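A short worksheet on the structure shown next.
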Amino acid sequence: MAKESTFGNMVLVLAGICLVCSALLGSVYAVTKAPIEASELAKVNAAIAAVTPAFDNVPSEDMREVEGARIYTSRMGGETVGYAIKVSTSGFGGTLQLMVGFTPDGTIYNTSVISHSETPGLGAKIVDETCAPRAQVKGKQPATARLTVSKDGGEIDAITASTITSRAFLKGVNAAYEVFCSNCMAETTQNQENHEQE
């Protein structure tokens, strides 16, 4: 004869199911955590290599977090050759994560789009290194250039039909430059003074 279903029995069965599911999810997380972290680190290291001059250190090991951004210092033979600054900004489709590379004097060396949620065929063109905003900021010195889209009085062309994405990208570049000015400029000046004294 079947057992009569009671509230207590239902709670026990539900609790047992939840316990088994939690254990399975925990196991999957434990197995996949290391590969996911390694993949993310590889993505960051590739972005750093794309936006700074050649280096011989491991910039991801020389990371500091300030003002919601991450700063990675690239060195060659112990000398600082560049800074890669990871920032996030809001695009048309969601968060746009960028890596902006600067030479020690504050010139933009290159940029990389790490992740985005922009519209395919329109804003998603921002991942292409040859698209107008990315190509046009290379080699610019943000202290003297107007890094905004031409519609807003700046000197950078927007991606056709994707002005919001272009604005978000440039906002991220300008935010990275502010982080550079407040955190890296003093280090660069100090390094130059040390070399002059030697």
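In segment 140-159, which residue that is in contact with a Leu (Cβ under 8 Å, 6 or more places away or on another chain) and in a loop (DSSP other than H, G, I, E, B) is farthest from GLY93 (Cα to Cα)?
LYS140
From (1) at pLDDT 90 or above; (2) in contact with a Gly (Cβ under 7 Å, 6 or more places away or on another chain), pick out the condition that doesn't hold for GLY91.
(1)
Checking ILE48 against (1) part of a helix (DSSP H, G or I); (2) farther than 30 Å from LYS138 by Cβ, which single condition isn't satisfied?
Of the numbered conditions (1) part of a helix (DSSP H, G or I); (2) farther than 30 Å from LYS138 by Cβ, the odd one out for ILE48 is (2).
More than 16 Å from VAL51 (Cβ to Cβ) and surrounded by fewer than 22 Cβ atoms within 10 Å (Cβ to Cβ), is that true of ALA124?
Answer is yes for this residue.
Among THR80, THR89, THR103, THR52, which is the only one that is more than 15 Å from the chain's Cα centre (by Cα), closer than 30 Å to THR163 by Cβ and open to solvent by less than 40 Å² (accessible area, probe 1.4 Å)?
Values: THR80 fails: closer than 30 Å to THR163 by Cβ; THR89 fails: more than 15 Å from the chain's Cα centre (by Cα); THR52 fails: more than 15 Å from the chain's Cα centre (by Cα).
The unique qualifying residue is THR103.
When segment 21-53 is examined, which residues are found to be in contact (Cβ under 8 Å) with a residue 12 or more places away in the chain and farther than 16 Å from MET63 by Cβ?
ALA50, PRO53
Within segment 96-129, track down each residue that is touching a residue at least 60 places away in the same chain (Cβ under 8 Å), touching a strand residue (DSSP E or B) at 6+ places or on another chain (Cβ under 7 Å) and not polar (S, T, N, Q).
LEU96, LEU98, VAL100, PHE102, PRO104, ILE108, ILE114
The values are calculated or read from the model by the stated rules, or taken from the named source; none is laboratory data. Since the structure is predicted, the reported quantities are computational estimates derived from the model, not experimental observations. Note: ideal-geometry Cβ built from the backbone for every residue, glycine included; neighbour counts use all protein chains shown. Each accessible area value is taken on the protein alone, full model and side chains, heavy atoms only, with ligands, DNA and RNA left out. Shrake-Rupley method; radii C 1.70, N 1.55, O 1.52, S 1.80 Å.
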